[in-house]
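For reference, the structure is listed below as structure tokens.
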Amino acid sequence: MANELTAGAVARSEALLNPNLTAPPWLKSSLDALTADYPPRLPHHAGLTEDQRTRVEARLSRLVQCLEPATSDEAATFIVSVQDQFGTPDMDPDALRRRQEGFLIALEGVPAFALDEAYRRILQKRAGFDPRFMPRPPELRGLLDQIAEAAFMHRVQLHRLLQAKVEAPRMPAGPRALPPEVSALLARPEGEKVRRRHPQNPSGVDHSEPYHFSVKGE
């Protein structure tokens with residue numbers, strides 16, 4: 001979003017409508033790896049380098065500026081422009097003033113780029129409104145919130161990424177520990193004889209004398 005937010009109005013609007021599409025691959029990878037904890041955690045392999053952190057901070061700063069609420073003049077201009085497309089019913093001055101105030105209240109906090117995109121969609125019949133009737137203030141606000149949702153969510157994610165705690169790298173598993181008997185056997189001084197175990201003689205047979213086998217034919 002570095003160049004997109006300083007480019008023309010159309011490119012800037014497209015970058016704000018789909019901020020994830022303009023994110024570099026490393027940023028997408030880090031955002032996808034964020035946990036839902038608070039504060040969030042980030043695997044070591046997805047941690048930011050110093051240069052990447054600086055770029056995220058700059059991206060967030062530009063995004064915050066683009067999401068600042070539109071001025072009252074910008075909101076009023078938007079309302080008048082929309083009314084011109086639908087027509088304004090005959091109303092007494094007090095009723096018209098209250099109607100205008102209702103629209104201004106509905107548009108509080110909306111960024112200017114959302115107003116521009118909403119007006120474009122209304123002209124192109126992509127807003128979902130009945131072209132015969134002026135949309136009500138809550139209907140306009142719903143459209144504007146929908147338009148700005150992706151940019152606001154991206155701002156939250158960038159902030160969480162900068163606040164994330166990077167987990168320590170996983171150490172490779174060491175060699176498997178040997179049983180104590182084997183370790184003791186390997187630790188004997190060189191030349192020391194190892195006492196061998198002999199099978200037990202539960203029947204008490206005397207093996208001191210050799211067995212005599214009778215050979216057939218003797």
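The values are calculated or read from the model by the stated rules, or taken from the named source; none is laboratory data. Because the structure is predicted, anything quoted here is derived from the model rather than measured. Here the Cβ positions follow ideal geometry from the backbone for every residue, glycine too, while neighbour counts run over all protein chains shown. When the accessible area is computed, the model is the full protein with side chains, heavy atoms only, and any ligands, DNA or RNA have been set aside. Shrake-Rupley method; radii C 1.70, N 1.55, O 1.52, S 1.80 Å.
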Could you pull out every one of the helices (runs of 4 or more DSSP H) wholly within the stretch 7-103 that has 1 or more residues that are farther than 22 Å from GLU117 by Cβ and open to solvent by less than 80 Å² (accessible area, probe 1.4 Å)? 25-33, 50-66
Test: LEU42 is in contact (Cβ under 8 Å) with a residue 60 or more places away in the chain and out of contact with any strand residue (DSSP E or B) (no Cβ under 6 Å at 6 or more places or on another chain): no
Could you check the stretch 1-60 and list, in sequence order, the residues that are of a type in the set (S, T, N, Q), within 22 Å of GLN146 (Cα to Cα) and either modelled with pLDDT of 90 or more or in contact with a helix residue (DSSP H, G or I) (Cβ under 6 Å, 6 or more places away or on another chain) (or both)? SER13, ASN18, THR22
